[in-house]
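If you scroll down you'll find the structure; I have some questions about it.
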Amino acid sequence: MARYTGSVCRLCRREGTKLFLKGDRCLSGKCSIDRRPSLPGQHGAGRKNVKEYGMQLREKQKAKRYYGVLENQFLNYFIKAEKMEGVTGDNLLSLLERRLDNVVFRMGLAESRKEARQLVTHGHFRINGKKVNVPSILVRVGDVITLRDESRSSEKFKTLIDEIDTRISPKWLEMDKENIIAKVTALPKKEDIDFPFEEHLIVELYSK
């Protein structure tokens, strides 16, 4: 499975904003974008002028990197969003938000989406009682996501479960934090997403 293996801090610096790719570290003084706010590369400090195409491209890159998907995956999500009823940009964000790795992150059972993707791949979660190991699965209204019983006793999950009460769950997920169960009660909307995307720029980019 193809994946990005480079420095994720470099991605945040390239987009000029925190994408929270390292979880709580991004909120600490160790965050690289706080220490080195310039663009990466030898001439990063000199790059300032951004034209219309550049703004559209950067917005697409932000969304792609925020959710941890590759170029072809992102394009496929856009094509699917275009065919759905409603506003294409809103549909696109809703599809990305419904990825299982994102749901696990939003449940508070991972410090980042990258970690959530790894946990899903290792088979720690079930959807409607069935074991799943594909991070890109899209959850649907009515789906119930649970942590595998055997995983609860691991040191990793013990720590995360202890901290789960401090995590804020989105409105479209009904959380039973005591039993570690999440039910999808609605499709996510733009206002449920905790990052200020300008999705119309992404639509403009792909519409050229």
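So Asp165 clears everything in (1) more than 30 Å from Ser207 (Cβ to Cβ); (2) part of a helix (DSSP H, G or I); (3) open to solvent by less than 10 Å² (accessible area, probe 1.4 Å); (4) of a type outside the set (Phe, Trp, Tyr) except one condition, right? Which one?
(3)
Another question, then. Looking at (1) part of a helix (DSSP H, G or I); (2) within 18 Å of the chain's Cα centre (by Cα); (3) of a type in the set (Phe, Trp, Tyr), which is the only condition Phe157 fails?
All conditions are met except number (2).
Taking the stated definitions as given, is His200 closer than 22 Å to Lys80 by Cβ and touching a helix residue (DSSP H, G or I) at 6+ places or on another chain (Cβ under 8 Å)?
Yes; evaluated as a whole, the condition is true for this residue.
Also: Can you confirm whether Glu82 is open to solvent by 10 Å² or more (accessible area, probe 1.4 Å) and modelled with pLDDT under 95?
Criteria not met by Glu82.
Another one. Just to be sure I understand, how many residues within segment 190-205 are surrounded by fewer than 17 Cβ atoms within 10 Å (Cβ to Cβ) and farther than 13 Å from Ser94 by Cβ?
5
Still on this model: So in segment 171-182, with the set limited to residues that are farther than 14 Å from Asn102 by Cα and open to solvent by less than 90 Å² (accessible area, probe 1.4 Å), which one is farthest from the chain's Cα centre (by Cα)?
The selected residue is Asn179.
Next question. Please give the number of the condition Gln56 fails out of (1) surrounded by fewer than 16 Cβ atoms within 10 Å (Cβ to Cβ); (2) in a helix (DSSP H, G or I).
Checking Gln56 against (1) surrounded by fewer than 16 Cβ atoms within 10 Å (Cβ to Cβ); (2) in a helix (DSSP H, G or I), the one that fails is (1).
Based on what the data block shows, is Arg98 surrounded by fewer than 23 Cβ atoms within 10 Å (Cβ to Cβ), under 30 Å from Glu163 (Cβ atoms) and touching a Pro at 6+ places or on another chain (Cβ under 7 Å)?
Yes: the conditions hold for Arg98.
Counting only residues that are surrounded by 13 or more Cβ atoms within 10 Å (Cβ to Cβ) and closer than 17 Å to Glu97 by Cβ, how many does segment 135-147 have?
Total satisfying the criteria: 7.
Let's see how each residue does on (1) farther than 26 Å from Leu57 by Cα; (2) assigned to a loop (DSSP other than H, G, I, E, B); (3) open to solvent by less than 20 Å² (accessible area, probe 1.4 Å):
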{"residue": "Ser94", "(1), (2), (3)": "no, no, yes"}
{"residue": "Asn102", "(1), (2), (3)": "no, no, yes"}
{"residue": "Gln118", "(1), (2), (3)": "yes, no, no"}
{"residue": "Arg126", "(1), (2), (3)": "yes, no, no"}
{"residue": "Ile161", "(1), (2), (3)": "yes, no, no"}
{"residue": "Ser169", "(1), (2), (3)": "yes, yes, no"}
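The values are calculated or read from the model by the stated rules, or taken from the named source; none is laboratory data. These numbers were taken from a predicted model, which means no experiment stands behind them. No Cβ is skipped: glycine too gets one built from the backbone with ideal geometry, and neighbour counts run over all protein chains shown. We work out accessible area using only protein heavy atoms, side chains counted, and drop any ligands, DNA or RNA first. Shrake-Rupley method; radii C 1.70, N 1.55, O 1.52, S 1.80 Å.
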